[in-house]
Structure formats: C-alpha cells, structure tokens
Amino acid sequence: MKIICVGRNYSEHAKELKNPIPSEPVLFLKPETALIPNKQPFFYPDFSQDIHFETEIVIKINRLGKNIDAQFSHKYYEEISLGIDFTARDIQQRLKDKGLPWERAKAFDSSAPVGKFVNKANFSDINNLDFSLKIDGEIKQQGNTKEMLFNVDNLIAEISKYFTLKIGDLIFTGTPAGVGPISIGNHLEGYIEDKKVFNLKIR
Ligand code: ZN
C-alpha cells in the first residue's frame, strides 16, 4: 500500500507557512513504513529538533481505480479516520530553501499514525466534518473539511490521474491552520466530530 498526502489544502495553513495558495493540489507520498502499528508510541527521532503535528482527515481506498471521475469518487472509499502527518519542520525548511524534495522531512518511519477507521455512513456530510487534536487534554488544532481548497471527491479524481489507487491505500487530505511542535511525553488524542479515533503517546 501507499500513502498519498496533500499539501496546502487549507488556505489558512498555506498562509501560516507563508506558502502560496496552490492552483492544483500539492501531492507527495509516504511509504508503508511511515505507519505506526496500533497502540505503539511515536519515538521522537534524533535527526530533528522541531517535529510538528499536522492533523488530517484520512481516506481509505477500497476499490482499484485509475482516472476516476469526481462524480464517482465516493464509490472508492467507505471508511475515514484521522491521522497525523508528522513533519520535521527544521529539515523541511532546509530542503525547501534548496528546492529539494521533502521526503526526509515528511516520509520518515512512523511519520503517519492513523486512528481507527469509521464508516462514512456515520457522518451526514463528508464535506462538513469537524475534527480536532488534543495534546495533554487541551485542544491544539481544529478544522472542518468544508475549508478544504480541493474536496475529497476532487482529490481522488486528481490523484488517480497520476497514481493508480489500490485497495488499502490511504489519502491524507491536508492540514488546517494551527500546526505546532510536539514534545516527548505529550499525549495526543484525535477526534472526528465527537468520536475519538486515536490516542498516541510521544516517547
Ligand atoms: Zn500535511
């Protein structure tokens, strides 16, 4: 399986990192080794001093698809969750300054924890979902999918022009504003609406 991530999909987040608003989705990949096995902690890597959380709605692909028309995108996923696109911001800045690819900053081991998957039928509108991240019991980041520049259906259409989607592939749909650093000892909890979908300890 592969993890396809969308960058700068919320205008307020693009602004907070002083990036331009994109005219097409910014896409990058993470390998399978970026997942964190269920209930395992995230171990702060020694190559970075500035790991940031980015809280993102995650879509799990359940059908093989290529060149999917946006009006049929909804047939290609049944379950959604919330994940963290962990980003080594110090490394990313260094790479961006040189115009180099972001993989060292974005695709490292354990950089993509994902919560438990919930059937989308539990939610009335995928394009109007509140989600949030608590750190040590305090809300640190929140967003709503209606603020996406490219919605889930359009993302699936665009992504599948370039990458054949396979069963089990995950799409990280981008982070709203409010990203920030994590520290060893933190306890992260993710919510979609009022459903808690993950617990993650930072070690
Ligand atoms: Zn992200």
Restraint check, Lys75/Lys196; Lys18/Lys161; Lys96/Lys195; Lys15/Lys39, Cα-Cα greater than 32 Å: Lys96/Lys195; Lys15/Lys39
Coarse-grained scattering of the stretch 5-89 at q = 0.21, 0.22 Å⁻¹, given as base-10 log I(q)/I(0) from a Debye sum over alpha-carbon atoms: -1.28, -1.33
Highest-fluctuation residue, Pro101, Pro113, Pro41 considered, GNM on the chain with Cα pairs under 10 Å: Pro101
Backbone N under 19 Å from the Asn199 label point (7 Å along Cα→Cβ), restricted to the stretch 24-52: 36-43
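A short reminder: the numbers here are calculations on the coordinates, not readings from a lab. Here the structure is a predicted model, which means the values were calculated and not measured. Reconstructed Cβ throughout: ideal geometry from the backbone, glycine too, with neighbour counts over all protein chains shown.
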